[in-house]
Amino acid sequence: MKSMKHILFINLLTIFVIILSACSSTTNKSDTQQSTTPEKTVTTIAEKTETTAKPKVVSIGIVNSPTTLNQINHQGDSASQTVLGIINDSLLDLTESFEFVPKIAESIESTDNQTFTVKLNPNAKWNDNVPFTTADVAFTLKTALNPKVESTVRIAFVDGLDDAGKIPAGQTEISGLKIIDKQTFEVKSKTPIDPNIFKEKFGTNINYLPEHILKDINPEQLATDPYFQNPTVTIGAFKYSKFAKDQYFEAVRNENYYLDIAKLDKIIVKVLPATNLVAQLQTNEIQLNSLPVGLIPITDYETVKNLPNINLTSSTPSEPAELFFNVTKITDPKVRQAFAYAINRPLIVDQLFKGQADIIDGGVPINHPYYAKETKLYTYDPEKAKQLLQEANWDSQREVSLLVPSGNKLREQAADILVQNLIAVGVNVKIQKFDFSTLIGRVDNGDYDLTIFNRDYYFEPSLYFTLFKSNTENNFLKYNNPQVDALIAQGETETNQAKRLVIYNQLQAILHEELPALAIYSEKRLQAVSKDIIEGKPANVGQFNNINKWDIKD
Amino acid sequence: MLHYIVRRLFIAIPVLLGITILNFCIVNLAPGNPVDMFIDPNTPQQLVEAKKEMLGLNDPLIIQYFKWLWQLLQGGFGYSFSSFAPVTHIIGERIGPTLMLTSISLTLGLLIAIPIGILSAVKQNTRFDYIITGLSFIWTSIPQFFLGLGLIYLFALHFKILPTGGMLTIGGDANFADRIKHLILPVSVLTIAIIGKKIRYVRASMLDVLKQDYLRTARAKGLHAFIVTNKHALRNALIPIITVFGMEIPLLLGGSIIIEQIFQWPGIGQLTMQSILSRDYPTLMGLNFIAAIIVLATNLFMDILYFVADPRVKYN
Amino acid sequence: MSMTDIRVNPTTRIMDATQMIESELEERYTQQIIRRFRKNRLAVAGLVVIILLIFTGLFAPWLTPHNPNEVTAVFSASPSTTHLLGTDQVGRDVLSRLIYATRISLIVGFITVSIYVTIGTILGLISAYYGGWMDMIVMRLADIFMSFPYLMVILVVVSILGSSLTTIILVLALFSWPTVARLVRGSVLSLKELDYVKAGVALGLSPARIMFSHILPNALGPIIVNATFGVAAAILSEAGLSFLGMGIQPPTPSWGNMLSDAQSLTVLTNQLWLWVPAGSILLVTVLAINFMGDGLRDALDPKQ
């Protein structure tokens, strides 16, 4: 009996360990199979085209992990947008200096700023050599704007679409879209708009679906179609090769590109924690970081600056971190101004950001064409802050909650400094940190006094101000000012740039006085590029606009 | 015994069901939802509602739960809310790397800790014992992320002999040697933590047992020390040892999350973090379900091992 | 006690006497433990360290040279005469933060363990002693807790109750009791079949008496080892949670969040004052706890 039990015991234990190692080794095998095949094909192509040179591969480091490769449903995820930009062209692209360059479209013209004629490049074709025509445009728009389809594309200004930017229920056609021929189509907007806005919103922000591949799929089940797990057919200088989620994304040169064929053989986007990103820049395992999802922590500024193989520059200013006031709780503008004087923003910029940031008061970045240049910024003046608080009869016992999202270390540290500054002038602030999702939930419910986070970078100025419209559900500030509402409405409909500038300057001035939101800092992000790179760099805008020209030394 | 196993298996089903219900409640208790956080503040409410509708988030919780259960009975976990890939596919891809990492570490830990622990107990209060004790204390005192970072700095940046992370060299040859190179650092960190703890447990259990009278009797009877140690003592020290190794098994799936973050190891830990932060309910439910099964299975297995290892244990 | 009582109930008198003798023996037992403990120098050293740390935590406000949350003008300043350990990345005095962090980390460690060891031991004892359905229920409960998604629950609890000391302790305790329960159950399953336990049952002693006086003392070894590791593990778990962004949040200092600031290679190599103090004190504390626990285990062992 005893020996039987012994045997049973040993057997059970052995079986257990074997099962465990078997599980891991079978997955090992499949992994090796998966990874060896693409490698083989790529190296053979490279060997054919360049006989002795090793393949030109550029690796980019990012910190956030892309969630999806669906070109019409990026869900606002910047990391996904980054990798999508490598394999998907849009009609036009933007450079860092805000100039438009033609891609799939040769030109977008308009005579009345209401009807826009788009002429496609006659050579435009998908990477499987099928020509890109207006059929693809129509298919993509009808699918993406179908409210029953999972898609983040919405264009509210196009005629025939509802206010949400989608095709109204019950209809299948878009009345504002007119197909003229295989290379030309027209888009009519509901009211005249600034042509640059049209080019940015319609021209650069929409990616296309291959009609010849997806036309028979039921639109409602499009999102789960396997095409999007392996989007091999796209239109871009590079094409999809492999996506190992949370590890890396790989794209190889599209030999059938309709513009100049890319010089690089392969681009790899690696997902790394910030520490490893810096480490890999050092070891040359990556050659670039990326904006906005591959940020180099400012703590490592000196280290990266001193790396012998890296060129480090600062980007143009990015969207600021803003302190938002719940105006129903902190009702007196004097109090809000007092807070502005109390916060030691120069210290934050000099010490925390090592000078790599700008101080502005509003949400519009300093290099944006619509930035109100005449604004007199709030200075750091704690005495003035105390004075204002006294004038407003501020109760120093009153507890003020500041909600801070976790995940951005610098912002959290800036918040800590901010809190100390406010305590120093007699405001009883308590910090609460939450993950972003929880924070948004609380903020939407009005369950906060102060909160701090970054919005997005918008080219179109009106987007910075919809937050302050009194009748939007998204106005979590609950800010209500009829004068501001009027100006916002005016700005949205005015097409003349000079007149718009006047309107937006006025708007920014009012908001500057009332201060429902105060910008704390506008970061100039670090751009690290290996000295081996001949062309190519991270950028806030238009990072991949010339990706086919990117090159690396042999 | 068989009766006991059958009874346990029967009970496992309602327990599993209970666990899924509890998990579902927890997952939905977390404030925020998958839609709100991806939404650009300029998105009209109508679209937000439409999206919630499409993801089935507007149905009452009970309906959502039963829809999930129905899907489960049909053999699937549904589609991820963020990537729309099938959850079974997502989890399947990640479970291998995690298991590989943790099972290798656990096995290595076992192989190193048991003999050393026994030796340490047998040679109690000798220099060997003190050194081992000291070392194991130190190993358990260092936070994992710290050790990981330190090792990366030392071996990847300073000596440049090992990679900084990942499972393979991207764009390179995925051969065996490459895999091993990538495994060394993460496995070291995990194993060191395991060894530190386990040596103490093994040693403590052995010490408890070594003091028993019947062993003195055996020695007095003239049995050789080796046999006394291994045949008699070890078997009785086995129960706590088994328990303690059993504890590690659920950690096989959950305990490597920090290592996975640091070394960019594409495993279940990372997936869990991502899913939690993005409120990817289907993936979370899938992960939790698998974790539950593993825990239940392990505990049953451990209980069976107890019975086999110690003849005095009875289940009524 | 009058003569009439004795005549009426002779056994009472005898029971009283037994109790008196027993209590004398217990007293000598405790003294014995203390004596044995004192012999182990490392354990005593550990105890001294822990007591020192507790004092530091208690008298923190009087010991700190600066306000631990005050932001000074130079961030990441290296150690100087005004700031003995330099300032951190937001210009706060490292030494002051270290002292306050002692409070936090010790509270997390000791309270968490007290809670879950108590729960786990009681449940484990009951489960193994009574067996049958009781065993089934408690163990399935343990299974459920063990299979809970650790991070998910932390996130939920933290988001509802905020990431304070209480919530961290609550959550850590919630996830740790099953291990102790299973450990205790394992020991008790063997122990309850021993002869002297069966004798106790035969004598008609109450289950509580048997569990706590007869069985528990012999199962104490692994429990104590588990508890001492537990304190260290709880402190380390908090550090791990800080790394993941879910532990005690700054500005409240904890060794964990001070250490997790070291997640940058620059800090790791060039700004040692930012992490070495927290790391060292963490190491020393954990070592001290372990040595002390080890000494306790040896001291409690009647077979020394």
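The values are calculated or read from the model by the stated rules, or taken from the named source; none is laboratory data. Since the structure is predicted, the reported quantities are computational estimates derived from the model, not experimental observations. Using ideal geometry, Cβ is built from the backbone for each residue, glycine included, and neighbour counts are taken over all protein chains shown.
Here residue B:30 passes the criteria (1) more than 23 Å from residue A:73 (Cα to Cα); (2) modelled with pLDDT of 80 or more except the one numbered (2).
Could you list, in sequence order, all residues of the range B:92-125 that are among the β-branched types (Val, Ile, Thr) and within 15 Å of residue B:189 (Cβ to Cβ)? Across the range B:92-125, the qualifying residues are B:98, B:102, B:104, B:112.
Of the residues making up the range A:183-222, those that are in contact with a Ser or Thr (Cβ under 8 Å, 6 or more places away or on another chain) and over 30 Å from residue A:496 (Cβ atoms) are A:183, A:207, A:208, A:209, A:210, A:211, A:214, A:219, A:222.
At the interface with another protein chain (Cβ under 9 Å from one of its Cβ atoms) and modelled with pLDDT of 80 or more - does that describe any residue in the range C:154-174? No, there is no match, as no residue in the range C:154-174 is at the interface with another protein chain (Cβ under 9 Å from one of its Cβ atoms) and modelled with pLDDT of 80 or more. Of the residues making up the range B:101-119, one or more are part of a helix (DSSP H, G or I), within 12 Å of another protein chain (Cβ to nearest Cβ) and closer than 30 Å to residue B:73 by Cα.
Restricting attention to the range B:51-80, and to residues there that are within 16 Å of residue B:288 (Cα to Cα) and within 14 Å of chain A (Cβ to nearest Cβ), which single residue is farthest from the chain's Cα centre (by Cα)? So the residue we want is B:71.
Here are some residues: A:243, A:228. Which one is farther than 30 Å from residue A:113 by Cα and in a strand (DSSP E or B)?
From the options A:243, A:228, the qualifying one is A:243.
Only one of B:164, B:169 is in contact with a Pro (Cβ under 8 Å, 6 or more places away or on another chain), within 25 Å of residue A:58 (Cα to Cα), modelled with pLDDT under 85 and not hydrophobic (A, V, I, L, M, F, W, C); which?
Within the list B:164, B:169, the selection yields B:169.
Can residue C:7 be described as crowded, with 19+ Cβ neighbours inside 10 Å and either charged (D, E, K, R) or modelled with pLDDT of 80 or more (or both)?
The answer is no for residue C:7.
All but one of (1) of a type in the set (A, V, I, L, M); (2) in contact with a Pro (Cβ under 8 Å, 6 or more places away or on another chain); (3) away from chain B (no Cβ under 11 Å) hold for residue C:201; state the number of the condition that does not hold. All conditions pass for residue C:201, except number (2). Considering only the range C:106-113, I want to know if a residue exists there that is part of a loop (DSSP other than H, G, I, E, B), of a type in the set (Val, Ile, Thr) and away from chain B (no Cβ under 14 Å). Scanning the range C:106-113 turns up no residue that is part of a loop (DSSP other than H, G, I, E, B), of a type in the set (Val, Ile, Thr) and away from chain B (no Cβ under 14 Å). The residue that is nearest to the chain's Cα centre (by Cα), counting only those in the range C:103-141 that are of a type in the set (Ser, Thr, Tyr) and at pLDDT below 90, is C:105.
Return a yes/no flag: does the range B:119-140 have any residue that is at positive phi and among the polar types (S, T, N, Q).
yes
Restricting to the range B:82-98, give me the number of residues that are in a helix (DSSP H, G or I) and either in contact with a strand residue (DSSP E or B) (Cβ under 6 Å, 6 or more places away or on another chain) or modelled with pLDDT under 85 (or both). Matching residues across the range B:82-98 total 0.
The set of residues from the range B:259-275 being crowded, with 24+ Cβ neighbours inside 10 Å, of a type in the set (A, V, I, L, M, F, W, C) and more than 8 Å from chain A (Cβ to nearest Cβ) comprises B:259, B:263, B:265, B:268.
What do you reckon, is residue A:520 crowded, with 17+ Cβ neighbours inside 10 Å, on the phi < 0 side of the Ramachandran plot and within 14 Å of chain B (Cβ to nearest Cβ)? Here the answer is no, as residue A:520 does not meet what is asked. Listed here are the strands (runs of 3 or more DSSP E) enclosed by the range A:259-334 that have at least 2 residues being at pLDDT below 90, among the polar types (S, T, N, Q) and under 27 Å from residue A:88 (Cα atoms): A:310-317.
Applying the condition of being out of contact with any Gly (no Cβ under 6 Å at 6 or more places or on another chain), touching a residue at least 12 places away in the same chain (Cβ under 8 Å) and among the β-branched types (Val, Ile, Thr) to the range B:121-140 and asking which residue is surrounded by the fewest Cβ atoms within 10 Å (Cβ to Cβ) yields B:138. The sole residue among A:312, A:272, A:281 that is in contact (Cβ under 8 Å) with a residue 60 or more places away in the chain, within 14 Å of chain C (Cβ to nearest Cβ) and surrounded by fewer than 23 Cβ atoms within 10 Å (Cβ to Cβ) is A:312.
Residue by residue, here is whether (1) more than 10 Å from every other protein chain (Cβ to nearest Cβ); (2) within 26 Å of the chain's Cα centre (by Cα); (3) of a type in the set (Phe, Trp, Tyr) holds:
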residue: A:380; (1), (2), (3): yes, no, yes
residue: A:388; (1), (2), (3): yes, no, no
residue: A:391; (1), (2), (3): yes, no, no
residue: A:415; (1), (2), (3): no, yes, no
residue: A:421; (1), (2), (3): no, no, no
residue: A:425; (1), (2), (3): yes, no, no
residue: A:431; (1), (2), (3): no, no, no
residue: A:440; (1), (2), (3): no, yes, no
residue: A:449; (1), (2), (3): yes, no, no
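In the range B:177-194, the residues that are within 12 Å of another protein chain (Cβ to nearest Cβ) and free of Cβ contacts under 8 Å to residues at least 60 places away in the same chain reach residues that are of a type outside the set (A, V, I, L, M, F, W, C) and assigned to a helix (DSSP H, G or I) with C-beta atoms within less than 9 angstrom, at least six apart or across chains, in these pairs: B:179/A:28; B:179/A:31; B:179/A:32; B:193/B:105; B:193/B:109; B:193/B:140; B:193/B:144. Which one of the conditions (1) in contact (Cβ under 8 Å) with a residue 40 or more places away in the chain; (2) under 26 Å from residue A:352 (Cβ atoms); (3) of a type outside the set (Val, Ile, Thr) does residue A:249 fail to meet, given that it meets all the rest? Unmet condition: (2). Screening A:508, A:483, A:490 for residues that are modelled with pLDDT of 90 or more, surrounded by 16 or more Cβ atoms within 10 Å (Cβ to Cβ), part of a helix (DSSP H, G or I) and not β-branched (Val, Ile, Thr) leaves exactly one candidate, A:508. Screening C:199, C:234, C:239, C:262 for residues that are in contact with a helix residue (DSSP H, G or I) (Cβ under 7 Å, 6 or more places away or on another chain), small (Gly, Ala, Ser) and more than 21 Å from residue C:53 (Cα to Cα) leaves exactly one candidate, C:262. Report yes if some residue within the range A:434-451 is assigned to a strand (DSSP E or B) and at pLDDT below 90; otherwise report no. The answer is yes, given that some residue of the range A:434-451 is assigned to a strand (DSSP E or B) and at pLDDT below 90.
Could you grab me the full set of residues in the range A:422-433 that are small (Gly, Ala, Ser) and outside any loop (DSSP other than H, G, I, E, B)?
Residues of the range A:422-433 small (Gly, Ala, Ser): A:424, A:426.
Result: A:424, single match.
Just name the residue that is surrounded by the most Cβ atoms within 10 Å (Cβ to Cβ) out of those in the range A:451-480 that are more than 10 Å from chain B (Cβ to nearest Cβ) and of a type in the set (S, T, N, Q). Only one residue tops the list, namely A:451.
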